[in-house]
Each structure stands twice: as C-alpha cells, then as structure tokens.
Amino acid sequence: MSPRLLIAGFVLLLLVAPHLVSEFHVTLLNYIGLYSIVAVGLVLLTGVGGLMSFGQAAFVGLGGYATAYLTTATSLPAWLAMFGGSPWMGLLAGIILTATVALLLGLLTLRLSGHYLPLGTIAWSISLYFLFGNLEFLGGHTGIAGIPALDLFGLPLKDSRKFYYLIWVVVLLAVWLTINLLDSREGRAIRALKGGAIMAEAMGVDTARSKLVIFLIAALFGCISGWLYAHLQRFVNPTPFSLNMSIEYLFMAVLGGAAHVWGAVLGAGVITVLKQWLQDWLPKLLGASGNFEMIVFGLLMIFVLQRARDGLWPILARWVPWQGAQRRVAEAAALPRKSLPEAGTVLLEARNVVKRFGGLVANNNMNLSVRAGEIMALIGPNGAGKSTMFNCVSGVDRATDGEVLFCGRAVTRLDSREIARLGMSRTFQHVRLLPTMSVLENAAIGAHMRGSKGVIQALLHLERTEERQLLVEAARQVERVGLGGSMFEAAGSLALGQQRTLEIARALCADPCLLLLDEPAAGLRYMEKQALAELLRKLRGEGMGILLVEHDMDFVMGLADRVVVMEFGEKIAEGLPEEVQRNPAVIEAYLGGVE
C-alpha cells in the first residue's frame, strides 16, 4: 500500500471526525493537535538532532503571551502599536520574539554538551515560567483573559469545532515541512549531528549552524502552538508553560518514536488520551485526587525505554505494508567539478608539526609533503602517531606547533570544515558512518558542500533539482567503489571492509584534489584490496594526490610512490618503497632489531 494512500486516509478521517464525535472529543482532538505541533519540533531537535531540551513549553508560552498581550492591551508603546489588536499581527510578533529569544538562548545553550545541555534548558525554562508569572502587564499568575477569537477569511472561529480544522492544518503543515527538511541536503547534515558530528565537519557541514537551525524551528513550532492555544482558550496563565509541561512534550516525542515525524502525532494522541483517562479513573480507584497520572507516566517511560526504545511508531510500521525504498536514482545533470592541479604540484606540506596531549607528545617535528598525481604512504607501528598526524593535517585536531600548508595556503588554524572546502577529503581510522541511513545517503553527505540550497528551500521542497544532482553524484561514487548492489541498504548492515569502502565513496563525493585514507584496506578480502588498489591508481592517474595510512605492507609497497615511516611520533625514514624496506631503522621499528 502506498504511504500517500495511508496519509490520504488519515486526512479524510481528520475531515469527518468533528461530525462523528462529541464536543468533548473534539476538544480532546484539538489538544492532541496543539501538542503534536510541539512534539514534531522535538522530534527534529531531540530525536533526530540529538539535542535534549526541557524548555519547549517556554516557547509555547512566548507565542501565547505575545498574542494575548498585544490583542488585549488598551494602550501599547509606539513601537508596538502596529502589532496591536489583530491576532494575526500577534502571531507575527510572537514569531519575531520567539526567534530572537531562541537565537540568543541557542547561541548560549548549544555550546554545552553532555548533561550540561539539558540542565541549561531546564534553567531558562524555569526562568521564563517565573517571568510570565511575575510581570504585572502579563497579568501575573492570574493571567490574561478576554483574548479575541480568530477570524479566518471573514469566518469567526469561536467554537472548538471550527478551530479544529485550523489546528490540524497547522499540524499537517508542520509534519510536511519537517519531512521535507529531513529529505534534503540540509536534512542529512541534521541527521549527522547525532553520533556523526566530527565526520560531518570533515565533510564541510557547519554543525553549529545545523544545531541552531533545528533549535529555532522547534522553538517556532512551539510559538505557533502557543498562539493557537491562546485564541482557542481565550485565556492564558503561566501553568501550561511550566517545566512539567515541557517534560510531557518529551514524553510524547519519545513514546511515539523520537526519530519519527509521524511518531510525534501518535505520541501526542496516546499521552493526551491516556492522561484524560487516568485523571478520570485513578481518583475512583485510589479514592483520592491528585496528579497520580504523572506516576503512571514515569512508569510508562521506564517501560518504553526498556522495551521499545524507538517508540511506538516503528512497532506499528511493521504491521503496515509500506513501500520499499526507491530502487533507482532519477537522472540529473552532473555536478560541476574542479580541475585538478598539474601532476607534481605540491598539495600538502607539513612543517615541524607538533601535537601534544598534556604531557604526551603524539607528533614531534613531523615533516611530510604530498604532490598531485602521487600516492604517499604514512606507515609505522601501532601508536606511532599516524592518525594524530592525519587529524592535524585535516583540521580535526589543531597542531600545537608547526605549520600545515594546503595548496599553498596556511591551514594550521582552520577548522576541518574550512579545509574540506579547499579540496581535502578523508576517511577515518574508526569507521564513521550513520548506520541507519542508506549507503547512498551516507555517500551523499560527502557532497554536502557542493550544494547551495538552504533551509527555506528544503522546507518548501524547492531544492529538488539540486538534490537529484547530489544523489546522482553519490550513486556514481558508490558504483565506482563497487557497492552499487548495496546502494539502498542501511550502511550499518555492511561488513566492516565494505563500510571502509563506503567512506572512500563519501570522500570522493566532495570532489577533492587530495584524498586522506586512514587504513582503507583493513577488513578487505584479497580481491577487494586489488579492486581498491586499482581505483587508487586510477585516481592518481587523474591527478589526485593521495596520503595513505595502512598496516598491510604488501598493499602499501605495491601501490605507494613514496613512503614516510613514523615511530613514537617522529619520522624515522622517507623514500621509495624499496629503499624504506631496506632501511635499518625501519626494520628495527617493525622487527625489534637488526641481525
């Protein structure tokens, strides 16, 4: 069955629901819709982006209070007068206010990591809650009453049945925009935030910007929900915008399926209905009134985290005959490619590079160079500092001392994202893929910086031409490395050797002039190594420079043009492969002595 047909059936059910159920149930559906809008933002922020927030109710409050104040105040300051009286101008003002506050909070909060981030969101959530309750012009803890009804194209939305359609149009719009965003170049960057930030930066993704983008979008969804709530209730006070409500929003996202957009709607529905049912029945069962439903929610969350960590949506999806993944990539014009430097041109030069980690010197006065049209191998025993040198050269780690030049430009103080944009691409010693994404999409992350369409175009699905070009390039590189048969499989299902090969395809998607490969042959079978060697020779023949770290000496010595040997963070030999093999210092480093 087509997903579109299922969605059409859901929309049809939404259309007829108000005519089939009581006023009470229409009100319940309205609240499910309001909560769904906030939960969709949390799916994007927490489930996909991996950023835990306990402050979404505060953004709902900003939207609600902004329109409440502007539509009920008898006199406004001159600079606010243009926003007064009209609920729609109140929406605009709420969006501006929320975006400003979210931008400031995001710039401060998103720099935190680990448990400090959720603690930071709790801090400003509580602060805004008490701010709402202590400002006299916002009515204090009593709140603001007399908020006018919405008027849509001359139709007053004074009752819950009429308001119902507006709420659910906004829900469907939020779902559509979020799905569009995630199915795009910007969406791949967002999905890489959770567990792949270092890799994404090395592929040219501005992860700090991506975090701020999803933080703003989630905040604006909350603002719009608050605006709708204020005009539905015609009254606001601080209670619905407390930390407790923020926790409930998280319950909804996690229970429904934190990484699934439609799971937000499912979670909002389940929690809202369950909460109402518990409020009705628990006092009768226990013979006392109180917030006993919160105890049940806590136990429910523990159960979900134990038994269904991905939420309810994936469980339901197993019973729904969704169509499989698309098995071909639409045709598109090829992406423009940079011309490679002339063979022999020095691409990379490291001069006296030193990298210290506290008292440990991982690299000590390391010097090396790589030219266009050559394969240079960096070898040495385990712990020699080869991968650290890779990280210093590519900007993943910053060198403590020394200088790194790339294409004649000093890049020692540049971030990996900026170096990648100059034409350097790399793989990693420990494979860094997004296991739940397809092979094709993992490769397409490498082409991120070759696209230019931004978030607005992605939300509105106006970047389809460029997206097809990026996927065609990714498919070409996946085929090139011999993984065409696995293109639509999850990257995590591949064998380790294939995952390393996929990393090469991803690096090639960036259209580099210098390729850094960290143990690319590890885990490959003999024939796969031969195919990799043939690919690298072809890239060398095209004029690409390749810096290679590898432990398979047969593979290295039959492929490299030059070899640099490291031991204990220092260079002990450099030369042609046959010269290095005869070098006494190299023999001693590998075999422990010379006869």
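The values are calculated or read from the model by the stated rules, or taken from the named source; none is laboratory data. Since this is a predicted model, take the numbers as computed values, not measurements. No Cβ is skipped: glycine too gets one built from the backbone with ideal geometry, and neighbour counts run over all protein chains shown.
Here are the numbers:
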read-out: Identity of the residue in the range 51-75, over 29 Å from the mean Cα position of the chain (by Cα) and among the β-branched types (Val, Ile, Thr), that ends up farthest from Val38 (Cα to Cα); value: Thr74
read-out: Failed item, numbered, when Ser53 is tested on (1) under 30 Å from Thr436 (Cα atoms); (2) surrounded by fewer than 24 Cβ atoms within 10 Å (Cβ to Cβ); (3) of a type outside the set (A, V, I, L, M, F, W, C); value: (2)
read-out: Residue match in the range 52-59 (condition: touching a Phe, Trp or Tyr at 6+ places or on another chain (Cβ under 7 Å), at pLDDT 90 or above and outside any helix (DSSP H, G or I)); value: yes
read-out: Residue among Leu440, Leu502 that is assigned to a helix (DSSP H, G or I), touching a Phe, Trp or Tyr at 6+ places or on another chain (Cβ under 8 Å) and touching a residue at least 12 places away in the same chain (Cβ under 8 Å); value: Leu440
read-out: Index of the failed condition, Ser452 passing every other in (1) free of Cβ contacts under 8 Å to residues at least 40 places away in the same chain; (2) in a helix (DSSP H, G or I); (3) hydroxyl-bearing (Ser, Thr, Tyr); (4) closer than 26 Å to Val213 by Cβ; value: (2)
read-out: Odd one out for Met566 among (1) modelled with pLDDT of 95 or more; (2) in a strand (DSSP E or B); value: (1)
read-out: Within the range 569-595, tally of residues that are surrounded by fewer than 19 Cβ atoms within 10 Å (Cβ to Cβ), among the hydrophobic types (A, V, I, L, M, F, W, C) and at pLDDT below 85; value: 2
read-out: Wholly enclosed strands (runs of 3 or more DSSP E) of the range 315-416 bearing at least 3 residues closer than 20 Å to Val556 by Cβ and aliphatic (A, V, I, L, M); value: 346-357, 360-371, 375-379
read-out: Residue match in the range 125-146 (condition: aliphatic (A, V, I, L, M), part of a loop (DSSP other than H, G, I, E, B) and in contact with a strand residue (DSSP E or B) (Cβ under 6 Å, 6 or more places away or on another chain)); value: no
read-out: Any chance Thr74 is of a type in the set (Val, Ile, Thr), crowded, with 24+ Cβ neighbours inside 10 Å and farther than 22 Å from Trp262 by Cα; value: no
read-out: Whichever residue in the range 417-427 is touching a residue at least 60 places away in the same chain (Cβ under 8 Å) and assigned to a loop (DSSP other than H, G, I, E, B) and, among such residues, is farthest from Ile445 (Cα to Cα); value: Gly423
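Yes or no, residue by residue, for (1) closer than 30 Å to Ala420 by Cα; (2) in contact with a Leu (Cβ under 9 Å, 6 or more places away or on another chain):
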| position | (1), (2) |
| --- | --- |
| Glu293 | no, yes |
| Val296 | no, yes |
| Ile302 | no, no |
| Trp313 | no, yes |
| Ala334 | yes, no |
| Arg351 | yes, yes |
